[in-house]
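Everything on this sheet refers to the single structure shown next.
Any read-out appearing in this document is the output of simple, stated calculations on the displayed coordinates, not a laboratory observation. All figures in this text were calculated on a predicted structure; none of them were measured in a lab. With ideal geometry, Cβ positions are generated from the backbone for all residues, glycine too; neighbour counts draw on all protein chains shown.
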Amino acid sequence: MVRLGILGCGRIGVVHARSIGQIDGATVSAVADAFADPAQALAAQSDAQVMSPEALIASDQVDAVVIGTPTDTHYDLIHAAAAAGKAILCEKPVDMSADRIRDCAKVVAKAGVPFMTAFNRRFDPNFANVQARIEAGEIGSVELVNIQSRDPSPPPLSYVQSSGGLFRDMMIHDLDMARFLLGEHPVSLFAVGSSLVDPEIGKLGDVDTAAVTLTTASGKICQISNSRRAIYGYDQRIEVHGAKGMLRAENMLENTVEVATESGFRRAPAQHFFLERYEAAYRAEMTHFVQSIENGKAPSPDLSDGLSAQVLADAATESWHLKRPVDLTNLL
């Protein structure tokens, strides 16, 4: 039985606890949070103990920790968990600083503990199917990748202020997905962004509408588009064009019913938010982490993937500010 301790009992902590509860051979043994009420609530739901973060990490009743706390706490928690010999699953971004992530990588490598960066979209059944079929050669060599990721509505301005910006907070998932589907590192990046949804977001120095173009050394191209507003639901689509054809994963809809009348054909809206859209992905992600611990195999995506995504997000932010491409050759 793999015993997991959850650090952070907010929305993502609840999601991870629910996933763990559906996995044979795994249990939530302890939880910790800066606030008593969410910790007590999640402990009651999971039949777990409430501990301080320090006690949880040191506990011999915890084999692995799941870090779902605010990003600025990850660094210290990773260092403490590595020193305690615990396997680690950490939410993205690992840290807002690529240099601090590199420091974490050294500590984790020295401790020899498993580390997984929580890029759950790699485990979405549809996206994973696309990547597996690319690897199998079904569409030949990849030439173009298109990734669309658009939220139903923007987050609160208070969140925007501390998020690190759209490229680091929202697009970081898509930048990781780009590497996942391209099969190689990009060597150049060009980003554009605007504030079209809420001018207040622009006043805070961020964007709510953005696009990035990535190019690899072999000439493969990936285009990513993000928006903080999609009135038709949570828009999550990918398309991969190759020498022998194309693979496409469409949106998940609220239901599969289609109605046809004299007005034409009409389908259900897209699922509304990430918790329902990626429920299966979160479960598959946690299953992979638990099985990696059980089998003694390194989980993936690992800390180097978290670092690469952060470097790309930083480069996108820089490109947007400078209004020019960024050379990634010596960055990844």
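Looking at the square roots a ≥ b ≥ c of the eigenvalues of the Cα gyration tensor of the stretch 213-332, which shape do they give, rounded for a/c under 1.5, prolate if a/b is larger than b/c, or oblate? It comes out oblate by the Cα gyration axes.
Report, in degrees rounded to the nearest 10, the 0 to 90 angle that the Cα long axis of helix 11-21 makes with the longest principal axis of the chain. Compared with the principal axis, the helix lies near 70 degrees. Taking only Cα atoms, what is the 0 to 90° angle, nearest 10, from helix 303-322's long axis to the longest principal axis of the chain? Its long axis makes an angle of about 50 degrees.
Label positions at Asp72 and Phe265, each projected 7 Å from the Cα along the C-beta direction, are separated by 5.1 nm. Legend: calculated FRET efficiency, Ser52 to Ser153, from the Cβ-Cβ distance at R0 = 45 Å, rounded to 0.05, equals 0.80. Shown in residue order for the stretch 196-211 are the 3J(HN,Hα) couplings computed by the Karplus curve 6.51 cos²θ - 1.76 cosθ + 1.60 at θ = phi - 60°: 10, 8, 9, x, 5, 5, x, 5, 7, x, 10, 10, 10, 9, 8, 9 Hz (x for Gly and Pro). Among Thr261, Thr209, Thr27, the residue with the largest mean-square fluctuation in a Gaussian network model of the chain, with springs joining Cα atoms closer than 10 Å, is Thr261. When a/c is below 1.5 the answer is rounded, else prolate if a/b is larger than b/c, else oblate, so apply that to the stretch 268-332 with a ≥ b ≥ c taken from the square roots of the Cα gyration tensor eigenvalues. Oblate is the answer for the stretch 268-332, as a/c is 1.5 or above yet b/c matches or exceeds a/b. Subtracting the Cα-Cα distance of Ser188 and Lys203 from their residue separation scaled by 0.36 nm leaves 2.6 nm. Once backbone amide H atoms are built at 1.01 Å from N, Val197 has Asp208 as its partners under 5 Å, excluding neighbours fewer than 5 places away on the same chain. Calculation over all alpha carbon pairs of the chain in 10 angstrom steps from 0 returns a P(r) of 6, 24, 33, 26, 10, 1, 0 percent.
Loop-located trypsin sites (Lys or Arg not before Pro) across the stretch 263-332 with a Cβ neighbour count of 14 or fewer within 10 Å are Lys297, Lys323, with loop assigned by DSSP. Run a plain Debye calculation on the stretch 2-113 (Cα atoms as equal point scatterers, no solvent) and give log10 I(q)/I(0) at q = 0.14, 0.18, 0.23, 0.24 Å⁻¹, rounded to two decimals, same order as the q list. Results for the stretch 2-113 at q = 0.14, 0.18, 0.23, 0.24 Å⁻¹ read -0.50, -0.82, -1.26, -1.35. Taking the Cα centre of the chain as origin and assigning +1 to Lys and Arg Cβ atoms and -1 to Asp and Glu Cβ atoms, the resulting dipole is close to 520 debye.
Taking a ≥ b ≥ c as the square roots of the eigenvalues of the Cα gyration tensor, an a/c ratio of 1.5 or more together with a/b no larger than b/c marks the stretch 30-84 as oblate.
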